[in-house]
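The values are calculated or read from the model by the stated rules, or taken from the named source; none is laboratory data. As the structure is a computational prediction, the values presented were derived from the model and not from experiment. A quick note on method: Cβ atoms are made from the backbone with ideal geometry, for glycine too, and the neighbour counts reach across all protein chains shown. When the accessible area is computed, the model is the full protein with side chains, heavy atoms only, and any ligands, DNA or RNA have been set aside. Shrake-Rupley method; radii C 1.70, N 1.55, O 1.52, S 1.80 Å.
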Amino acid sequence: MKKHNDHEREDQISLLFNSYQVPEINGTDKKETIELLKAYMPIHQEPTIELMKKLVWQAFIEILSRYKFQLLILLLLMFMTYMVIPENMDRWIIFILIAPSPLLLVGWHVMNLNSESMVELEMTYKYSFQQMIFSKIVSISVCSIFIYTVAFLYMILINDYLIATTLFHIAVTGLTPILLFCLALLTLSLKYRNLMSWTVILLAWILFALLSVYTPMGTILFMMNTSIYITVNIILIVLIVYRLKRVWRMERIQDEFN
Amino acid sequence: MREDGIVIKAIQHGDEEAMEELVYRYYDEIFYYIYRLGSSYEEAKDLTQEVFIAMMKALPKYKEQGNFKAWLYKIAHNRSLNHFRQNKKQIYLEVDLERLKVDVDFSEQLTNQVLMKELLNTLPKMQSSTLLLKYYHGFTIPEIARITGSTVPAVKSRLFQGLQKLKKMVMEGN
Amino acid sequence: MSLIKLGFMEGKKLFSQREIYIALFLCTVLFVMGLDAIGEPDVPLLFWRKLADVIPYVGFWFIAILIVVGVARCLPFEQEQGMSELLLTYKKGRLTLLVVKQIVILMYCVSIVLYFYGIAVFVFTMDYDLTGLFAQVKENPNLYFYANLEWTYAELMIYEFGYIVLASYIFALFIVLLSLFIKRSVFIMMIGGSIFAAGELFDKFIIKYIGTMELGYYLTTIYDYMFNGMLSFRYLNYFGPFSTNEVYGLFLFIAFLLFGMNLFLGRWQRHVAMGD
């Protein structure tokens with residue numbers, strides 16, 4: 001009897017569901033929605049890696065064309081310094097100290113993107129302001145590392161007595177200031193984009209350079225174990241990649257559903 | 001008919017016709033889901049529009065893996081529930097429980113769609129949405145769990161309890 | 001608004017610059033690293049000798065940089081904030097404002113000097129014995145600069161504190177002078193910093209290559225008697241022409257001269273701006 005009742009009730013529920021009449025949808029409603037959605041049509045975006053490569057290359061060309069004379073003078077000065085400094089430990093300390101100079105120079109340009117007119121100008125470009133900063137910082141960092149590598153090879157040629165372990169130590173040590181400035185530039189360009197702050201960093205680096213050469217501090221730092229520099233460099237690289245990812249994602253639409 | 005994945009790719013590349021195709025494909029379903037959840041015609045129309053706008057905004061980052069329909073329902077579900085949460089008072093006022101207890105033939109009442117709507121409205125929203133997704137939109141239990149953001153056991157329990165309540169109401173009606 | 005309140009407001013403006021704190025952080029780290037690097041085994045009175053030497057040796061670099069960073073924005077502040085008209089129409093006159101600004105800068109110099117002495121005391125206390133403040137300088141006379149050997153270390157420190165405050169104030173007033181002509185604070189900072197850094201680069205490196213040339217001699221003289229020389233105690237050179245008292249008198253004179261010049265030029269600029 002109970003089973004029979006259950007069956008009946010289920011039939012009634014089915015009937016209940018089937019009986020739910022819904023109103024007819026007005027055809028114009030759909031058309032209205034379609035018209036509205038046209039404003040939200042996505043603009044075709046290239047794959048991220050391709051876009052990154054393209055932007056970094058563009059930024060590199062822009063920096064080269066805008067700072068060709070300054071960079072040329074800087075390069076000449078750097079190589080002249082390598083030739084002039086006497087053959088002792090100072091030579092390597094100075095070599096390392098001037099390694100991040102291209103970054104310091106172009107950091108100026110990145111930091112100068114703070115005025116409203118500049119922001120507006122960058123905003124009218126096809127790509128976002130954050131993407132422009134990303135590409136500029138990446139391109140100048142790669143450029144700095146490239147210049148450092150060339151200078152390093154040049155130094156090896158003129159100092160043929162150096163052994164491989166020392167060379168490795170110098171190569172690793174010289175990367176530290178470049179990575180450090182890259183991180184500083186990224187952090188400041190996101191949080192406190194201001195030429196004054198970059199000038200302060202520049203002055204502090206000059207101070208550090210003076211201290212390193214004039215006091216035993218430079219020698220002490222230079223003589224530190226290579227593994228310490230490797231660790232510091234790895235930490236810096238991780239922080240830079242993390243920051244770069246954040247810069248790149250900044251302009252992305254927040255996805256509330258995934 | 002093109003597959004969802006192909007249509008979505010086309011939209012991501014800026015194809016307006018593909019967008020139209022997708023709207024025609026899912027508009028009715030989404031509209032009725034929202035409507036059956038307890039909205040008026042106008043509300044359902046506005047919410048459906050909102051769902052499609054949200055879809056378009058999120059589409060550039062969306063990667064189709066064969067579950068677009070469920071994803072779209074998830075948007076609709078979230079939007080509708082948010083809307084009901086914000087307009088809770090109004091909805092409760094519209095529900096006239098007394099009308100369910102009138103002493104006339106219940107089968108006559110069943111033919112009245114307004115009463116059916118009110119019947120579903122007496123259930124908690126998560127239960128009614130689970131029932132709707134199962135019986136009107138043909139989703140499986142794991143799919144419902146994804147759409148409503150809950151677990152499979154929770155969906156099963158909601159289905160059971162929802163049905164029990166409905167049965168009870170039918171009994172009371174008889 | 002009373003002058004004290006005006007001074008307080010100006011002080012607040014100066015000390016609220018974020019760049020000062022970035023510079024202060026970086027300089028403190030570098031200063032402590034530098035102090036650690038020049039450490040040596042303890043002997044009696046070494047604490048006081050080290051403390052007396054620390055500013056003429058490397059400490060003046062830090063003081064100079066913080067002065068450049070802090071003072072560069074002092075005058076262009078109103079202009080960069082779009083309040084230059086307010087400045088020109090200030091009811092007590094631009095002159096009063098300039099006087100107050102320059103007094104506030106003096107306070108800033110005192111604070112910076114005290115701060116670096118504070119750090120040096122803190123670092124040296126950990127390494128050396130503190131006793132001997134009232135011992136005579138001649139008991140450990142290898143100082144970096146000329147001082148009266150009959151003085152106690154207490155007298156020497158008081159003299160040195162006054163000297164470096166005056167020297168840094170002169171440098172700060174020079175930065176103010178620059179800012180009367182240069183409108184953007186970042187350029188003032190760059191020019192001020194470059195003048196100082198160029199002097200140091202010359203003295204520490206370039207002189208090694210041109211020291212034997214006649215040009216080297218002239219440039220060294222310029223270095224000794226310009227801001228770098230003032231800040232690095234070159235006026236108290238063992239073979240210098242000035243006695244300790246004369247240096248004080250001379251510095252006071254230069255400071256007053258620059259103070260007055262800034263007021264005069266500042267007032268003159270007001271007339272130009274107002275079209276008088």
Legend entry - Scattering profile of the protein assembly as shown at q = 0.08, 0.10 Å⁻¹ [log10 I(q)/I(0), Debye over alpha-carbon scatterers]: -0.81, -1.01
Inset, instruction - Rank these by accessible area, largest first, 1.4 Å probe: A:196, A:83. - result: A:83, A:196
Inset, instruction - Could you please report the charge total around residue A:106, scoring K, R as +1 and D, E as -1 over all other residues with beta-carbon less than 10 angstrom from its beta-carbon? - result: +2
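Treating only the Cβ atoms of Lys and Arg (+1) and Asp and Glu (-1) as charged, compute the dipole magnitude of the range C:9-65 about its Cα centre; round to the nearest 20 debye.
Working: 5 positive and 6 negative charges, 58 e Å.
Roughly 280 debye for the range C:9-65.
Over 31 Å, how big is the tail of the calculated P(r) for the range A:46-249, in percent of all Cα pairs?
Value for the range A:46-249 (Cα pairs over 31 Å): 21 percent.
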Inset, instruction - Taking all protein chains together and a probe of 1.4 Å, list C:248, C:238, C:117 from the most accessible to the least accessible. - result: C:238, C:248, C:117
Legend entry - Residues residue B:122 and residue A:228, FRET efficiency given R0 of 51 Å [Cβ-Cβ distance, rounded to 0.05]: 0.15
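Could you give the size of the charge dipole of the protein assembly as shown about its Cα centre, using +1 on the Cβ of each K and R and -1 on the Cβ of each D and E, expressed in debye and rounded to the nearest 20? Don't jump to the answer; show the numbers that get you there.
On the way: 64 positive and 64 negative charges, 129 e Å.
So the dipole magnitude of the protein assembly as shown works out to roughly 620 debye.
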Legend entry - Computed lengthening from residue C:126 to residue C:225, 0.36 nm per intervening residue step minus Cα-Cα distance: 32.1 nm
Inset, instruction - Would you mind working out the accessible area per residue for the protein assembly as shown, using a 1.4 Å probe, and quoting it in Å²? - result: 50
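What does the structure give for B:58-65 when I average, per residue, the other chain Cβ atoms found within 10 Å of the residue Cβ? Intermediate values should be presented prior to the final figure.
Details: counts 7, 5, 7, 8, 4, 1, 0, 0.
Average neighbour count from other chains, rounded to a whole number: 4.
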Inset, instruction - Quick one: accessible surface of residue B:28, probe radius 1.4 Å, all protein chains present, in square angstrom to the nearest 10. - result: 60
Legend entry - Cα-only radius of gyration and Dmax that characterise the range C:125-264, units Å: 17.6, 51
Inset, instruction - Report the dimensions of the range C:133-176 along its three principal axes from the alpha-carbon atoms, largest first, rounded to Å. - result: 41, 17, 12
Legend entry - Estimated Rh, the range C:41-194: Kirkwood, alpha-carbon pairs, angstrom: 17.4
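What is the interface area between chains B and A, defined as buried accessible area summed over both chains with a 1.4 Å probe, reported in Å² to the nearest 100? List each step's numbers first, then the result.
Details: alone 10650 and 17350 Å², together 23620 Å².
Roughly 4400 Å² of accessible surface disappears when B and A pair.
Got the relative contact order for the range C:3-274 handy, in percent, Cα pairs under 8 Å and 6 or more residues apart? Can you show the working numbers first?
Numbers: 257 pairs, mean separation 74.2, N = 272.
That works out to 27 percent.
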Inset, instruction - Provide the gained length on full extension for the span residue C:161 to residue C:133, in nm with one decimal, where the gain is 0.36 nm per separating residue minus the Cα-Cα distance. - result: 8.6 nm
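Return the carbon/sulfur percentage of the accessible area of the range B:1-94, one whole number, probe 1.4 Å, all protein chains in place.
Numbers: 2120 of 4500 Å².
About 47 percent, which is the carbon plus sulfur part of the accessible surface.
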Inset, instruction - Quickly rank B:19-26, B:47-54 as a protection proxy: mean count of other C-beta atoms within 10 Å, highest first. - result: B:47-54, B:19-26
Inset, instruction - Quantify how much of the Cα-Cα distance distribution of the range B:1-94 extends past 18 Å, in percent. - result: 45
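Of all accessible surface on chain C at a 1.4 Å probe, what whole percent is carbon and sulfur? Intermediate values should be presented prior to the final figure.
Working: 9010 of 12840 Å².
That fraction is 70 percent.
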Inset, instruction - Go ahead and run the numbers for FRET between residue A:48 and residue A:26, Cβ-Cβ distance against an R0 of 60 Å, rounding to 0.05. - result: 0.90
Legend entry - chymotrypsin sites (Phe, Trp or Tyr not before Pro) restricted to DSSP loop in the range A:148-195 with at most 11 other C-beta within 10 Å: A:161
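Roughly how big is the range B:1-43's charge dipole about its Cα centre, with Cβ charges of +1 (Lys, Arg) and -1 (Asp, Glu), in debye to the nearest 20? Write down the numbers at each step before the final one.
Values: 4 positive and 11 negative charges, 37 e Å.
Here the size comes out at about 180 debye.
What are the semi-axes of the equivalent ellipsoid of chain C, taken as the square roots of 5 times the eigenvalues of the Cα gyration tensor, listed largest first and rounded to whole Å? Please list the in-between numbers first.
Details: eigenvalues 246, 91, 66 Å².
Computed over chain C, the values are 35, 21, 18 Å.
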